[in-house]
1. From (1) farther than 19 Å from E141 by Cβ; (2) without any contact (Cβ under 8 Å) to a residue 60 or more places away in the chain, pick out the condition that doesn't hold for T295.
2. For the range 275-284, state whether one or more residues are assigned to a loop (DSSP other than H, G, I, E, B) and of a type in the set (D, E).
3. Of the residues in the range 274-329, how many are polar (S, T, N, Q) and buried (at least 17 other Cβ atoms within 10 Å of the Cβ)?
4. Would a scan of the range 153-175 turn up a residue that is more than 30 Å from P47 (Cβ to Cβ), touching a Leu at 6+ places or on another chain (Cβ under 9 Å) and touching a residue at least 24 places away in the same chain (Cβ under 8 Å)?
5. I want to confirm something. Restricting to the range 244-273 and keeping residues that are under 30 Å from D43 (Cβ atoms) and β-branched (V, I, T), which single residue is surrounded by the fewest Cβ atoms within 10 Å (Cβ to Cβ)?
6. Taking E289 as meeting all but one of (1) farther than 21 Å from I177 by Cα; (2) acidic (D, E); (3) touching a residue at least 60 places away in the same chain (Cβ under 8 Å); (4) out of contact with any strand residue (DSSP E or B) (no Cβ under 7 Å at 6 or more places or on another chain), write down the number of the exception.
7. Only one of (1) more than 30 Å from V45 (Cα to Cα); (2) in contact with an Asp or Glu (Cβ under 9 Å, 6 or more places away or on another chain); (3) in a loop (DSSP other than H, G, I, E, B) is not met by A288, so which one is it?
8. Enumerate the helices (runs of 4 or more DSSP H) found wholly within the range 17-109, keeping only those where 3 or more residues are open to solvent by 10 Å² or more (accessible area, probe 1.4 Å) and modelled with pLDDT of 95 or more.
Amino acid sequence: MKLATLRDGNRDGKLVLVNRSLTRCTDAAHIAPTLQAALDAWDKVAPKLATLAESLEHDAVPSFRFHEHDALSPLPRAYQWADGSAYVNHVELVRKARNAEMPASFWTDPLMYQGGSDSFLAPRDPIVMADEAYGIDMEGEVAVITGDVPMGATREEAAAAIRLVMLVNDVSLRGLIPAELGKGFGFFQSKPSSAFSPVTVTPEELGDAWDGGKVSLPLHVDLNGKPFGRAEAGVDMTFDFPTLVAHAAKTRPLSAGTIVGSGTVSNKLDGGPGKPVAEGGVGYSCIAEIRMIETIESGAPKTPFMRFGDTVRVEMLDREGHSIFGAIEQTVEKYEKG
């Protein structure tokens, strides 16, 4: 089933079920008023939501037009947002861009940071920033939402706790990252609010593209209307989602509604860094990667980070070419203090 949260004047929005073609939806408030409420009582409400979803597919319940512009992120705020770096190729490239060595342990022990989760952007909200010099970058990712996960969960327990899958634009401010990490205390100012896809789906909606741990489909990232990335989400994923969830739960339980991200989807090419879509490669899911490759090839980056007026679009299509989650589409705007 596919779920979304629509604007209704309340901070957490209202829960709706969306049909598979993303054209119509039906109110699910009589089952659970919000997605967080559904996750809190998942075992009880999931069968009811599934029945309603099936009725929606057969036009057997009242429905109305689904507009992605009316959607908030599925969880407009969450108890926890933990973002991993499952695609170690990405980590290697961006660390090279900062002249930082990558420890060998990064290939065996997941890297993860805890991001701000109190104010996610809606999927069509602008990215509002005060200064282009911050180095505004997108990061196209896949994420899962979990149920309750016990501390010390095994990989199998973590896999069983995955409830939903969605897409992410994890906005990064590359110009602020080096100094912030140089303090030795992690990201904060350099990781502003992220945005998630209009729709989140249960794993079974992905069919054979979901193997219990990862999604094997290309992630489409467009910049200003042109293909920028088509990286395969199921390729070069060093740590799958059950591994990431178990890593996050090593020393603490995770509450229902915890979001765990994959990190930037990134592919190698013939054992080395990738190449742009325009040159026959699968491109990149963030600007930092192409800048690193430009530096390797010519000694300096050529592609600028995002500027005011630039638009990024993140989407994933099924094998028939239909959008699964809807699209994140955001334009960078200048912040004017009111």
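The values are calculated or read from the model by the stated rules, or taken from the named source; none is laboratory data. Every value quoted in this text rests on a predicted model; they were computed, and no experiment measured them. Every residue, glycine as well, gets a Cβ built from its backbone with ideal geometry; the counts of neighbours run over all protein chains shown. Protein only, heavy atoms only, side chains kept; ligands, DNA and RNA dropped before computing areas. Shrake-Rupley method; radii C 1.70, N 1.55, O 1.52, S 1.80 Å.
1. Unmet condition: (2).
2. no
3. 2
4. Checked the range 153-175: at least one residue is more than 30 Å from P47 (Cβ to Cβ), touching a Leu at 6+ places or on another chain (Cβ under 9 Å) and touching a residue at least 24 places away in the same chain (Cβ under 8 Å).
5. T251
6. It is condition (1) that E289 fails.
7. Just one mismatch for A288, condition (3).
8. Helices (runs of 4 or more DSSP H) meeting the threshold: 35-40, 42-57.
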